[in-house]
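The block underneath contains the structure these notes are about, expressed in structure tokens.
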Amino acid sequence: MLDPPEPWTRHEDGTVTIDAEYVRPGFASVHVIERDGRVAIIDTGANSAAPLVLQALHQLGLDPQTVDLLFLTHVHLDHAGGTGTLIQQLPHARVLVHPRGAPHIVDPTRLQAATIAVYGQAAFEQLYGQLVPVAADRVDRTEDGQTVRLGQRELTILHTPGHAMHHQVLYDSQARVLFSGDTFGVSYRAFDTNAGAFIVPTTTPTQFDPDQLSDSVRRIAALDPKAVYLTHYGRVTGVSRLAAALREQIESCVRIGREHAQTENPFARIRAALRDDMVARASAHGIEDAPSAVEAVLGNDLNLNAHGVVAWLERTSKRSRA
């Protein structure tokens, strides 16, 4: 496996990946782009990432006053938990967020309570701290297909449900780079081999929808980007290959879910089947000691994905009975 990434990395197209230092090195990133002297930040990480982003801006010679856009792919807290803290240091930045996510940025009370209910108070405070609201007049609700200007460059916003209903991505057609949040899966650099990046879809609860997610992946691939920047983690290329792998695995999630939907403990059986499927793919990708590596690097993702498949099965079952 590769060593953990540096605190920030500048890529060949000028994009900078900053390690948000969330959970472990190389797990969650924040991206910065500069066009004609103006700056956009994509996702924020948790509150603890805010000083890391500001330090990186300083080291890159970028004044916080030049940051015009703070783009949130969605409001899950590993992506947007630090928004209120960071925006306080960016006097001219506008927060661009999906309409479904905007209320939770302006008033994070319900989002915070829901997260505490899942993780507990102590774990919430350790991971996220206190969520800071953002003034409503600094929040812009986006539209699908909308373009925004950064310097002389136009960037396109696409709404991409499947992982979450409030998910969106940002595309720079001139540089041919796309910032995908979680829609285009997770790909940790520790799993890079001579075959390239190893990618896994994110089917986490509570809004996983396989048809929507597959369509969103297909929509991204149709743009033919040269590179996609993932929050988890960093830059990947070979987008058409990765898109095909994601769609194939989404289909596997559906098949596995349906096979075990009526079993006594569907979560455990679905997780085990997802693990076996992932281990087989990792072995074929050239990852050494795949069973141990998958549990070590992707174990938490497996848990979340299994919960997401179970939640999707429960929703579809309720709809069929209605």
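Each reported figure results from applying straightforward, stated rules to the coordinates on display, with no laboratory input. No experiment lies behind these values; they were computed from the predicted model shown. Heads up, the Cβs are rebuilt from the backbone with ideal geometry, glycines too, and the neighbour counts pull from every protein chain shown.
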Scan the range 106-210 for trypsin sites (Lys or Arg not before Pro) in coil per DSSP, keeping those whose Cβ has at most 15 other Cβ atoms within 10 Å, and list them by number. Arg176
Taking the highest mean first, how do the peptides 48-58, 123-133 order by number of other beta carbon atoms within 10 angstrom per residue? 48-58, 123-133
Quick one: angle between helix 266-284 and the longest Cα principal axis of the chain, in degrees between 0 and 90, rounded to 10, please. 70
Applying the Karplus parametrisation 6.51 cos²θ - 1.76 cosθ + 1.60 with θ = phi - 60° to the phi angles of the range 184-200, what ³J(HN,Hα) value in whole Hz is obtained for each residue in order, glycine and proline being reported as x? 9, x, 10, 8, 8, 5, 4, 9, 5, 10, 4, 7, x, 7, 9, 10, 9
With point charges of +1 on the Cβ of Lys and Arg and -1 on the Cβ of Asp and Glu, referenced to the Cα centre of the chain, which listed residue (Ala311, Phe184, Leu69) lies farthest in the positive direction of the dipole? Ala311
Considering Cα pairs under 8 angstrom that are at least six residues apart, work out the relative contact order of the range 8-239 and quote it in whole percent. 17
In degrees, nearest ten, helix 290-321 long axis to first principal axis of the chain (Cα): 80
With point charges of +1 on the Cβ of Lys and Arg and -1 on the Cβ of Asp and Glu, referenced to the Cα centre of the chain, which listed residue (Phe208, Thr156, Ala175) lies farthest in the positive direction of the dipole? Phe208
Global form of the range 49-172, assessed from the alpha-carbon gyration tensor, a/c cut-off 1.5: oblate
Local electrostatic count at Ser283 - Lys and Arg +1, Asp and Glu -1, tallied over other residues with Cβ under 12 Å: -3
Let me check the size of the chain from its C-alpha atoms; what are the radius of gyration and Dmax in Å? 18.9, 59
Considering only DSSP beta bridges where both residues belong to the chain, give the percentage that are antiparallel (nearest 5). 65
Provide the packing ranking of 31-38, 10-17, i.e. peptides ordered by the mean count of other C-beta atoms within 10 Å per residue, highest first. 31-38, 10-17
Arg10 versus Ala135: modelled label distance in nm, points set 7 Å from Cα along the beta carbon direction: 3.3
Any chance you could give the angle, 0 to 90 degrees and rounded to 10, that helix 50-59 forms with the longest Cα principal axis of the chain? 50
Determine the calculated [θ] at 222 nm for the chain from helices alone, applying -39500 (n - 2.57) to every DSSP H run no shorter than 4 residues and normalising by the residue count; nearest 500 deg cm²/dmol. -12500 deg cm²/dmol
